[in-house]
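I have placed the structure first, in the form of structure tokens, so that the comments after it can refer back to it.
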Amino acid sequence: MSESVLTIVCPGKFASERYALALEAGLKGLPCRVTTRLDKPMRNLRILFAIPLDDSGMNRDFYDLLGFLRTHPDALEGCVAGVMVDGPGDLYTKSAARELVLAANLAGCTFVGRPLAEAIGSLQNFTVQAKNAGCSLTDAFHLAVKNLAERILSFSSPALKNPKLLVLHASSRRTSNTLALWDKVKRHLGGTYTIAEICLRNGTMEDCAGCPYTTCLHYGEKGECFYGGVMVQEVYPAIRKANAIVLLCPNYNDALSANLSAAINRLTALYRTTSFQEKALYAIVVSGYSGGDIVAQQLVSGLCMNKGFYLPPRFCMLETANDAGTAMRLPGIEGRLDQFAAGMLEQLHNE
């Protein structure tokens, strides 16, 4: 990916003065070009999606963009991207970003870790950044846009000879469609990976109780967490070693299972002291009826936007299967499993 110019995709004819100033200040000195719509595939570009929302939290041209991405599954092959969203209220900015990231990723786009520069109406979500930088909330927003743009332009997938893969799940092997799909993917991968699997099903999995920042940082600096247990003893060391993690996610009421949610929450202590930005995120999501995209978006926001794992193209496999054993009988499943495994091989063996 040799593209050194940042393509700014700005869907919509309306935008606030704040939106325009953020782009002007954040992108100053960077090589850029601007487009207002996508109507044909783009290849091997570095992209900043800059999304303005109106008072209703909507942008009709943004939904046209989503529609194009969802109906053109190779529209962004080889691209690397991030997202800026600016809205006048406290709601809908992150949900818009999650929808866009998932649609673009399934169309072949890589997303850097922490790919979102998000401005709510009050800019109060920049309070910590502004305090750390000794600047105003507005300046903190501009700095976030600049930092994101620079990381998009400089990103490159790690080239690995023997990638280390960590698989996290909380399922029963006897009944789990999700585990059955993973076992098949693992066979497709052959001996090209060092794979560790951790089951979070057994024993007590304490959720994060929101310790004070100083407490969390204190334990994180020692590679620990106040609540200890399997997270500290097994998951933390495995994540430090891993080049990628795979989450196996059955859909529970349009949400991640309780143990996987707790594991993501408990990563905060490790995140305080360990960068995840060179670690890839993959997932297999199986729904009994529908809603796999909702679960995938939770992974996007929880692990990519918040914790900083990067998203390789088509990071998640989304399937619908109810009764035990039905996933492996889905029409075309062997081909989709092969494609998912081939994508992992291509991305993590990018020598």
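Can you tell me which of (1) in a loop (DSSP other than H, G, I, E, B); (2) in contact (Cβ under 8 Å) with a residue 24 or more places away in the chain is the one PRO115 doesn't meet?
(1)
Condition first: of a type in the set (D, E, K, R) and within 21 Å of PHE126 (Cβ to Cβ). Now tell me which residues in segment 19-53 satisfy that.
To start, the set of residues in segment 19-53 that are of a type in the set (D, E, K, R) comprises 24, 28, 33, 37, 39-40, 43, 46.
Across segment 19-53, the qualifying residues are GLU24, LYS28.
Given the criteria modelled with pLDDT of 95 or more, surrounded by 16 or more Cβ atoms within 10 Å (Cβ to Cβ), in contact with a Pro (Cβ under 6 Å, 6 or more places away or on another chain) and β-branched (Val, Ile, Thr), does VAL295 qualify? Give the derivation first.
On the way: modelled with pLDDT of 95 or more: yes; surrounded by 16 or more Cβ atoms within 10 Å (Cβ to Cβ): yes; in contact with a Pro (Cβ under 6 Å, 6 or more places away or on another chain): no; β-branched (Val, Ile, Thr): yes.
No.
Can you give me the number of residues within segment 146-160 that are touching a residue at least 40 places away in the same chain (Cβ under 8 Å) and out of contact with any Ser or Thr (no Cβ under 9 Å at 6 or more places or on another chain)? Even if it seems obvious, please write down each step before you answer.
In the first step, residues of segment 146-160 are kept if they are touching a residue at least 40 places away in the same chain (Cβ under 8 Å); the result is 146, 148-153, 155-160.
Cutting the leftovers down to out of contact with any Ser or Thr (no Cβ under 9 Å at 6 or more places or on another chain) gives us 146, 148-152, 156, 158-160.
Selection size over segment 146-160: 10.
Given the residues ALA238, ALA196, ALA149, which is the only one that is among the small types (Gly, Ala, Ser) and either modelled with pLDDT under 90 or buried (at least 19 other Cβ atoms within 10 Å of the Cβ) (or both)? Lay out the reasoning, then the answer.
Details: ALA238 fails: either modelled with pLDDT under 90 or buried (at least 19 other Cβ atoms within 10 Å of the Cβ) (or both); ALA196 fails: either modelled with pLDDT under 90 or buried (at least 19 other Cβ atoms within 10 Å of the Cβ) (or both).
It is ALA149.
Looking at segment 246-260, which of the residues that are touching a helix residue (DSSP H, G or I) at 6+ places or on another chain (Cβ under 8 Å) and either surrounded by fewer than 22 Cβ atoms within 10 Å (Cβ to Cβ) or not assigned by TED's automatic domain parsing to the domain that holds ARG201 (or both) is modelled with the lowest pLDDT?
Of the residues in segment 246-260, the ones touching a helix residue (DSSP H, G or I) at 6+ places or on another chain (Cβ under 8 Å) are 246-252, 254-256.
Still in the running and either surrounded by fewer than 22 Cβ atoms within 10 Å (Cβ to Cβ) or not assigned by TED's automatic domain parsing to the domain that holds ARG201 (or both): 252, 254-255.
Numbers: TYR252: 92, ASP254: 95, ALA255: 95.
Among residues in segment 246-260 that are touching a helix residue (DSSP H, G or I) at 6+ places or on another chain (Cβ under 8 Å) and either surrounded by fewer than 22 Cβ atoms within 10 Å (Cβ to Cβ) or not assigned by TED's automatic domain parsing to the domain that holds ARG201 (or both), the one modelled with the lowest pLDDT is TYR252.
I'd like the full set of residues that are over 10 Å from ILE8 (Cβ atoms) and among the aromatic types (Phe, Trp, Tyr), limited to segment 18-52.
TYR19
What number goes with the only condition from (1) within 22 Å of LEU53 (Cβ to Cβ); (2) surrounded by 18 or more Cβ atoms within 10 Å (Cβ to Cβ); (3) of a type in the set (Gly, Ala, Ser) that GLY121 does not pass?
Going through (1) within 22 Å of LEU53 (Cβ to Cβ); (2) surrounded by 18 or more Cβ atoms within 10 Å (Cβ to Cβ); (3) of a type in the set (Gly, Ala, Ser) one by one, GLY121 breaks only (2).
Checking GLY12 against (1) of a type in the set (Gly, Ala, Ser); (2) assigned to a loop (DSSP other than H, G, I, E, B); (3) under 22 Å from the mean Cα position of the chain (by Cα): exactly one of these is not met. Which one?
Only one criterion is unmet by GLY12, namely (3).
Go through the residues of segment 200-219 one by one and say whether even a single one is in contact with a strand residue (DSSP E or B) (Cβ under 7 Å, 6 or more places away or on another chain), more than 13 Å from LEU267 (Cβ to Cβ) and either modelled with pLDDT of 80 or more or part of a loop (DSSP other than H, G, I, E, B) (or both).
Initial filter on segment 200-219 (in contact with a strand residue (DSSP E or B) (Cβ under 7 Å, 6 or more places away or on another chain)): 200.
Filter again for more than 13 Å from LEU267 (Cβ to Cβ), leaving none.
No, the conditions are met nowhere in segment 200-219.
Taking segment 24-60 as the region of interest, how many residues are crowded, with 16+ Cβ neighbours inside 10 Å, out of contact with any strand residue (DSSP E or B) (no Cβ under 6 Å at 6 or more places or on another chain) and not in a loop (DSSP other than H, G, I, E, B)?
1
Quick one: how many residues across segment 132-145 are exposed (fewer than 12 other Cβ atoms within 10 Å of the Cβ) and over 26 Å from the mean Cα position of the chain (by Cα)? Lay out the reasoning, then the answer.
Taking segment 132-145 and keeping what is exposed (fewer than 12 other Cβ atoms within 10 Å of the Cβ), we get 132, 134.
Now drop any that are not over 26 Å from the mean Cα position of the chain (by Cα), which leaves 134.
Summing the residues that are exposed (fewer than 12 other Cβ atoms within 10 Å of the Cβ) and over 26 Å from the mean Cα position of the chain (by Cα) in segment 132-145 gives 1.
Look through SER287, SER275, SER301 and report the one residue that is buried (at least 21 other Cβ atoms within 10 Å of the Cβ) and assigned by TED's automatic domain parsing to the domain that holds THR192.
On the way: SER275 fails: buried (at least 21 other Cβ atoms within 10 Å of the Cβ); SER301 fails: buried (at least 21 other Cβ atoms within 10 Å of the Cβ).
Testing whether each residue is buried (at least 21 other Cβ atoms within 10 Å of the Cβ) and assigned by TED's automatic domain parsing to the domain that holds THR192 leaves just SER287.
Counting just the residues of segment 264-304 that are part of a loop (DSSP other than H, G, I, E, B) and among the charged types (D, E, K, R), which one comes out nearest to ASN251 (Cα to Cα)? So that I can check it myself, show each step before the final result.
Here is the first cut: in segment 264-304, the residues part of a loop (DSSP other than H, G, I, E, B) are 267, 272-279, 288-291.
From what's left, among the charged types (D, E, K, R): 272, 278-279.
Numbers: ARG272: 29, GLU278: 27, LYS279: 24 Å.
Restricting to residues being part of a loop (DSSP other than H, G, I, E, B) and among the charged types (D, E, K, R), the top hit is LYS279.
Being among the aliphatic types (A, V, I, L, M) and touching a Ser or Thr at 6+ places or on another chain (Cβ under 8 Å) is the filter here; which residues of segment 161-196 pass it? Even if it seems obvious, please write down each step before you answer.
Filtering segment 161-196 for residues among the aliphatic types (A, V, I, L, M) gives 165-168, 170, 179-181, 185, 189, 195-196.
Residues satisfying the conditions are LEU165, ALA170, LEU179.
Could you list, in sequence order, all residues of segment 170-193 that are of a type in the set (D, E, K, R) and at pLDDT 85 or above? Show your work before the answer.
Taking segment 170-193 as the starting set, the residues that turn out to be of a type in the set (D, E, K, R) are 173-174, 183-184, 186-187.
Correct list: ASP183, LYS184, LYS186, ARG187.
Out of segment 305-330, which residues are part of a helix (DSSP H, G or I), more than 12 Å from VAL286 (Cα to Cα) and of a type outside the set (S, T, N, Q)? Explain how you work it out, then say what you get.
Initially, segment 305-330 is screened for residues part of a helix (DSSP H, G or I), giving 305-306, 327-329.
Keeping just the survivors that are more than 12 Å from VAL286 (Cα to Cα) gives 305-306, 329.
Selection gives MET305, ARG329.
Go through segment 125-140 and give me each residue that's touching a residue at least 12 places away in the same chain (Cβ under 8 Å) and under 24 Å from LEU299 (Cα atoms).
Answer for segment 125-140, where residues must be touching a residue at least 12 places away in the same chain (Cβ under 8 Å) and under 24 Å from LEU299 (Cα atoms): PHE126, GLN129.
The values are calculated or read from the model by the stated rules, or taken from the named source; none is laboratory data. Every value quoted in this text rests on a predicted model; they were computed, and no experiment measured them. So basically every Cβ, Gly included, is an ideal-geometry build from the backbone, and we count neighbours across all protein chains shown.
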